[in-house]
Amino acid sequence: QVQVVESGGGLVQNGGSLRLSCGASGSIATINTMGWYRQAPGKQRGLVAAITSGSSRNYADSVKGRFTISRDNAKNTVYLQMDSLKPEDTAVYYCKAFLREVGSNWSKDYWGQGTQVTVSS
């Protein structure tokens with residue numbers, strides 16, 4: 001069984017910072033891409049940032065220059081440092097790991113339960 005668990009959400013003022021963490025655990029053979037997605041009320045879930053096992057990064061245009069994704073492969077953990085937060089960053093943030101379980105021949109997506117980030121104006 002594989003689990004993906006996020007932490008670090010909360011309430012912050014406009015211009016503030018938060019750091020999200022996400023760890024994958026269980027019978028994991030390899031982890032390819034790990035990423036963060038977010039979903040605001042009434043909107044579709046969308047990519048915030050992603051990082052490959054080789055540390056190639058991809059960011060949504062709306063967060064470039066403000067958010068930084070990083071990864072600790074030894075700990076199967078991905079981080080999202082969020083600076084200069086804006087009210088429009090308010091959303092539930094989800095972690096996704098694209099990984100292969102021990103004994104499996106292919107990789108698939110595993111999602112965390114989500115963590116709320118609220119930025120007050």
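The values are calculated or read from the model by the stated rules, or taken from the named source; none is laboratory data. Being a predicted model, the structure only gives us computed values, none of them experimental. In this analysis, Cβ positions are derived from the backbone assuming ideal geometry, glycine residues included, and neighbour counts consider all displayed protein chains. Ligands, DNA and RNA are stripped out before the accessible areas are found, and what is left, the full protein with its side chains, is counted by its heavy atoms. Shrake-Rupley method; radii C 1.70, N 1.55, O 1.52, S 1.80 Å.
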Residues (open to solvent by less than 50 Å² (accessible area, probe 1.4 Å), over 11 Å from residue 48 (Cβ atoms) and either without any contact (Cβ under 8 Å) to a residue 24 or more places away in the chain or in a strand (DSSP E or B) (or both)) located in region 83-99: 92, 97, 99
Scope region 100-121; condition of a type in the set (Gly, Ala, Ser) and in a strand (DSSP E or B); matching residues: 120
Conditions (1) closer than 20 Å to residue 12 by Cβ; (2) surrounded by fewer than 17 Cβ atoms within 10 Å (Cβ to Cβ); (3) not hydrophobic (A, V, I, L, M, F, W, C): number failed by residue 61: (1)
Contacts under 8 angstrom Cβ, first residue in region 105-117 being more than 9 Å from residue 95 (Cβ to Cβ), partner part of a loop (DSSP other than H, G, I, E, B), 6 or more apart: 116/9; 117/9; 117/85; 117/90
Odd one out for residue 11 among (1) part of a strand (DSSP E or B); (2) farther than 17 Å from residue 119 by Cβ: (2)
Hits in region 49-61 (condition: outside any strand (DSSP E or B) and touching a residue at least 12 places away in the same chain (Cβ under 8 Å)): 52, 53, 55, 60
Failed item in (1) under 14 Å from residue 111 (Cα atoms); (2) of a type in the set (Ser, Thr, Tyr); (3) surrounded by 17 or more Cβ atoms within 10 Å (Cβ to Cβ), with residue 7 passing the rest: (3)
In region 65-76, residue nearest to residue 13 (Cα to Cα) [restricted to those that are open to solvent by 20 Å² or more (accessible area, probe 1.4 Å) and in a strand (DSSP E or B)]: 68
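Please work out if residue 102 is surrounded by 11 or more Cβ atoms within 10 Å (Cβ to Cβ) and not acidic (Asp, Glu).
no
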Residue 80 open to solvent by less than 40 Å² (accessible area, probe 1.4 Å) and either part of a strand (DSSP E or B) or closer than 15 Å to residue 19 by Cβ (or both): yes
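Taking region 30-46, which residues are open to solvent by less than 60 Å² (accessible area, probe 1.4 Å), assigned to a strand (DSSP E or B) and under 19 Å from residue 116 (Cβ atoms)?
Across region 30-46, the qualifying residues are 35, 36, 37, 38, 46.
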